[in-house]
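Student: I have a structure I would like to understand better, so I am pasting it below and will then ask my questions one at a time.
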Amino acid sequence: MSRPAAKRPPVSRSMRKPVSRTPSWVAPVAVVAGIALLVVAFLVIRWYTTPVAPPPLTVDATQLVISSITSLPASELDAVGTGSANNLIKRVSGTPQTGPNGHPEVFYLGAEYCPYCAAERWPMIIALSRFGTFSGLKTTSSSSTDVYANTPTFTFHGATYTSQYVDFVSVETTDRNRNPLETPTSAQQALVNQYDTSGSIPFVDFGNRYAFNGAMYLPDVLSGMSWQAVADSLAQSSSPQAKAILGSANLVTAAICRLTADQPATVCSSSAIQAIEQKLG
């Protein structure tokens, strides 16, 4: 008779957690290193994709650009209409605001570092030049470290404006490196506090009858362009730059025409401006 097979002794299972041979500090260090690599990669990509700020133009070259953008045929501006511009202008109610010469005042608050201010100065200069004349405008670009870096533009700091129809008053609070430049008066700040509750710039008030803040188009339409390239693009009414900048200029023009009782008629009586005025109310 065969003997039953002997049972194997039960396998002893350790109650201890296996000890990893990898030091405990490796995982946290690897996470930190991974984050550091991502940051470096982001900075490298931004370095190579951020448009380089061209050096400011000479006085003569600046004047050529300004002359180009302020002497566009009225027919081209009319053909664009509002283009691709976003109408940000809102009607406000307050005591009519006049400027230092007794004309209805257009008040601008901005800063040189601000890319949205950089974008909006182009149509502001074009529109205001239909009612008067600038002198002393200089070229600059928005901050190299902000969004839409190095957007080509001009600065109102140190410039003057003369007109028989409207007074233009500007405050550029800082330069492109955020160094202080100008400070609004208490009355100007009160105006900003009343109508620009979000605190965003640029802020523009038209005689305390209309106001808007922000840019009417995105600054990326000017990315990587020189001042002359922007000026050249405005001669083509179908270009993205013309649709954005000239469309915005027509909106600003219409608001100013509402202040001046549609004077001068050569500017304000066009069908395009009249149509925009009707929408402004």
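The values are calculated or read from the model by the stated rules, or taken from the named source; none is laboratory data. Worth saying up front: this structure is predicted, and the values here are computed from it rather than measured. Cβ: placed from backbone, ideal geometry, glycine included. Neighbour counts: every protein chain shown.
Student: Being assigned to a strand (DSSP E or B) and either without any contact (Cβ under 8 Å) to a residue 24 or more places away in the chain or of a type in the set (Val, Ile, Thr) (or both) is the filter; apply it to region 123-153 and report the residue that is surrounded by the fewest Cβ atoms within 10 Å (Cβ to Cβ).
Tutor: In this case the residue turns out to be Thr133.
Student: Only one residue in Ala79, Ala111, Ala85, Ala74 is touching an Asp or Glu at 6+ places or on another chain (Cβ under 7 Å), at pLDDT 95 or above and of a type in the set (Gly, Ala, Ser), so which one is that?
Tutor: When all the criteria are applied, what remains is Ala111.
Student: Another question, then. Answer yes if at least one residue in region 239-250 is on the phi > 0 side of the Ramachandran plot and under 16 Å from the mean Cα position of the chain (by Cα), and no otherwise.
Tutor: Within region 239-250, not a single residue is on the phi > 0 side of the Ramachandran plot and under 16 Å from the mean Cα position of the chain (by Cα).
Student: Out of region 72-122, which residues are assigned to a loop (DSSP other than H, G, I, E, B), of a type in the set (Val, Ile, Thr) and within 21 Å of the chain's Cα centre (by Cα)?
Tutor: If the condition is that a residue be assigned to a loop (DSSP other than H, G, I, E, B), of a type in the set (Val, Ile, Thr) and within 21 Å of the chain's Cα centre (by Cα), then Thr82, Ile89 are the ones that fit.
Student: Being touching a Gly at 6+ places or on another chain (Cβ under 8 Å) and part of a loop (DSSP other than H, G, I, E, B) is the filter here; which residues of region 189-201 pass it?
Tutor: Ser200, Ile201, listed by residue number.
Student: Right, something else. Out of curiosity, is Ala231 among the small types (Gly, Ala, Ser), surrounded by fewer than 23 Cβ atoms within 10 Å (Cβ to Cβ), more than 16 Å from the chain's Cα centre (by Cα) and part of a helix (DSSP H, G or I)? Even if it seems obvious, please write down each step before you answer.
Tutor: On the way: among the small types (Gly, Ala, Ser): yes; surrounded by fewer than 23 Cβ atoms within 10 Å (Cβ to Cβ): yes; more than 16 Å from the chain's Cα centre (by Cα): yes; part of a helix (DSSP H, G or I): yes.
So Ala231 passes the test.
Student: Taking region 166-188, which residues are part of a strand (DSSP E or B) and without any contact (Cβ under 8 Å) to a residue 40 or more places away in the chain?
Tutor: Within region 166-188, just Pro180 meets the criteria.
Student: Which one of these is among the hydroxyl-bearing types (Ser, Thr, Tyr), over 15 Å from Glu120 (Cα atoms), under 21 Å from the mean Cα position of the chain (by Cα) and modelled with pLDDT of 95 or more: Thr183, Thr197?
Tutor: None of the other options fit; the residue is Thr183.
Student: Name the pairs: first residue in region 52-72 and closer than 17 Å to Ser143 by Cα, second residue part of a loop (DSSP other than H, G, I, E, B), Cβ to Cβ under 6 Å, at least 6 apart or on different chains?
Tutor: Ala53/Ser144; Ala53/Asn150; Pro54/Ser226
Student: Looking at region 253-262, can you tell me whether even one residue there is over 27 Å from Ser163 (Cα atoms) and in contact (Cβ under 8 Å) with a residue 24 or more places away in the chain?
Tutor: No, the conditions are met nowhere in region 253-262.
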